[in-house]
Amino acid sequence: MAYLPEPPFAHGSTARTGVLLVNLGTPDEPTAPAVRRYLAEFLWDPRVVEIPRLAWWPILRFILLTRPAKSAAKYAAVWTKEGSPLRVNLDRQVQLLRGYLGERVKSPLAVAGACRYGNPSIAAGLDELRAKGCDRILVLPLYPQYAASTTGSAMDALGAALSRLRNVPAVRSVRHFHDHPAYVKAIARAVNDYWMKHGRPDRLVMSFHGLPRFSLDRGDPYHCECHKSARLIATELGWNDGRALVTFQSRFGKAEWLQPYTDRTLEALGREGAGRVDVICPGFAADCLETLEEIAMEGRDAFLGAGGKEYHYIPTTNDSPAFMAALTRIALENLHGWASAEWDAQAADAEARASAARARALGAKN
């Protein structure tokens, strides 16, 4: 295998540390062809669908013939003038994290964003950081709770991208932050801010993305981490009682998934005549199709259609100051030894010039 070309290098250049924010991904546009490309990449990942490839391939072909048009209509319902909500939020998070870290760290830093599926890819994010001179990179997947199909898959893509490099940078990764106090407080802050404006509900549903039940049985910690996040958030809100419920959404296929299911729970609450239900999605770092269409729209229809009185979807943290402060703190904790508030720019510049001079004396051309 041929390695990819290395970015231009000059002796005396000051190395940087990079931070790569990674989210799940999104189609490039809300059209059937774009959704088909996205789903083909997403659903072919063996971390996402754990079915032997020969058995899965004909099923996937059928899905790619029938599902993209319906999914494209759903994406169109949440698409903004700026583009995909997830991509817009990711770009904002990158920009803000760059500024937040810049206020706290003097040593050179660069921040980039990437998607596990779609664009920009993890490989493209690495290329961007390496082109800026980063020889140490912190990969921060925007999944608070670890799952093999999310964080694990992102690490697979990272490894594949690194395998094509001749000069591999030092790499660290964040495994999860489901119980980080700053993350918990950011979620609770978003809820409390919403309640200050709109009042409080009778029930609070905390909906996490679902996984097949067998993932729990085979040792995936996701289910446990979701429940821990929910308990900590409810405690922070003062709602750690029967008013707060944990559910799982977005199931696919006929196999059993983690329960209780969000849609069935909302229908049951509606049949019970619940006055007002608020729903949050603590497992999502950015609003996307699963929150804006599935929960905010389909969830509302399920609850009200079953007899419920009032339904509110509370937007996730996105680029809120509390969440960006949390990401900054998480990044700084994992950048320990790589980034410093004591960095001396003048001393570093002098050392770079001296290094370039030594290299030229030995015959270096760059």
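The values are calculated or read from the model by the stated rules, or taken from the named source; none is laboratory data. Because the structure is predicted, anything quoted here is derived from the model rather than measured. Note that each Cβ is placed from the backbone with ideal geometry, even for glycine, and that neighbours are counted across all protein chains shown.
Examine the stretch 255-272 for a residue that is in contact (Cβ under 8 Å) with a residue 60 or more places away in the chain and part of a loop (DSSP other than H, G, I, E, B), and state whether such a residue exists.
No, the conditions are met nowhere in the stretch 255-272.
Check every one of the helices (runs of 4 or more DSSP H) wholly within the stretch 293-366 and list those with 3 or more residues that are touching a strand residue (DSSP E or B) at 6+ places or on another chain (Cβ under 8 Å).
300-305, 321-334
Answer with yes or no whether Phe177 is in contact (Cβ under 8 Å) with a residue 24 or more places away in the chain, assigned to a loop (DSSP other than H, G, I, E, B), among the aromatic types (Phe, Trp, Tyr) and closer than 19 Å to Val246 by Cα.
Yes.
When you go through Pro144, Pro120 one by one, which is the residue that is buried (at least 21 other Cβ atoms within 10 Å of the Cβ), in contact with a Gly (Cβ under 8 Å, 6 or more places away or on another chain) and either hydroxyl-bearing (Ser, Thr, Tyr) or under 20 Å from Ala286 (Cα atoms) (or both)?
That would be Pro144, the only listed residue that is buried (at least 21 other Cβ atoms within 10 Å of the Cβ), in contact with a Gly (Cβ under 8 Å, 6 or more places away or on another chain) and either hydroxyl-bearing (Ser, Thr, Tyr) or under 20 Å from Ala286 (Cα atoms) (or both).
Could you please let me know if Gly99 is within 30 Å of Glu351 (Cα to Cα), at pLDDT 95 or above, surrounded by fewer than 20 Cβ atoms within 10 Å (Cβ to Cβ) and not basic (Lys, Arg)?
Answer is yes for this residue.
Kindly indicate which of Ala326, Ala296 is over 18 Å from Ser250 (Cβ atoms) and surrounded by 12 or more Cβ atoms within 10 Å (Cβ to Cβ).
Ala326
Looking at Lys254, Lys228, can you tell me which residue is more than 26 Å from Tyr38 (Cα to Cα) and not assigned by TED's automatic domain parsing to the domain that holds Cys115?
Answer to the selection: Lys228.
Write out, first by first residue and then by second, each pair whose Cβ atoms fall under 6 Å of each other, whose residues are 6+ apart or on separate chains, and whose first residue, in the stretch 7-23, is closer than 13 Å to Trp338 by Cα while the second is of a type outside the set (A, V, I, L, M) and in a strand (DSSP E or B).
Ala15/Asp135; Arg16/Cys134; Thr17/Arg136; Gly18/Cys134
Within the set of pairs 6+ apart or on separate chains, which have a first residue in the stretch 43-54 that is modelled with pLDDT of 95 or more, a second that is hydroxyl-bearing (Ser, Thr, Tyr) and crowded, with 17+ Cβ neighbours inside 10 Å, and C-beta atoms under 7 Å apart?
Hits for this filter: Asp45/Ser153; Arg47/Ser149; Arg47/Ser153; Val48/Ser149; Val48/Ser153.
Six or more apart or on different chains, Cβ atoms under 9 Å: show the pairs whose first residue is in the stretch 211-240 and in a helix (DSSP H, G or I) and whose second is modelled with pLDDT under 95 and among the aliphatic types (A, V, I, L, M).
These pairs meet every condition: Arg213/Ala255; Phe214/Ala255.
Phe303 passes all but one of (1) hydrophobic (A, V, I, L, M, F, W, C); (2) crowded, with 22+ Cβ neighbours inside 10 Å; (3) at pLDDT 95 or above; (4) under 26 Å from the mean Cα position of the chain (by Cα); which number fails?
The number of the failed condition is (4).
Applying the selection to the stretch 239-258, what residues are out of contact with any Ser or Thr (no Cβ under 6 Å at 6 or more places or on another chain) and either polar (S, T, N, Q) or within 16 Å of Leu269 (Cα to Cα) (or both)?
Of everything in the stretch 239-258, those that are out of contact with any Ser or Thr (no Cβ under 6 Å at 6 or more places or on another chain) and either polar (S, T, N, Q) or within 16 Å of Leu269 (Cα to Cα) (or both) turn out to be Asn240, Gly242, Arg243, Ala244, Leu245, Val246, Phe248, Ser250.
Report, by residue number, each residue of the stretch 84-129 that is free of Cβ contacts under 8 Å to residues at least 24 places away in the same chain and assigned to a loop (DSSP other than H, G, I, E, B).
Selection gives Pro120 alone.
Return yes or no: is Ala274 in contact with a Gly (Cβ under 6 Å, 6 or more places away or on another chain) and surrounded by 20 or more Cβ atoms within 10 Å (Cβ to Cβ)?
Yes; evaluated as a whole, the condition is true for this residue.
Filter the stretch 42-62 for residues that are in a helix (DSSP H, G or I) and surrounded by 16 or more Cβ atoms within 10 Å (Cβ to Cβ); which is nearest to the chain's Cα centre (by Cα)?
Among those that are in a helix (DSSP H, G or I) and surrounded by 16 or more Cβ atoms within 10 Å (Cβ to Cβ), it is Phe42.
What are the residue pairs meeting all of these: first residue in the stretch 148-168, first residue over 25 Å from Arg218 (Cα atoms), second residue assigned to a helix (DSSP H, G or I), Cβ atoms under 7 Å, and 6 or more apart or on different chains?
Close Cβ pairs (under 7 Å, with a partner that is assigned to a helix (DSSP H, G or I)) amount to Ala161/Ile122; Ala161/Ala123; Ala161/Leu126; Val168/Leu162.
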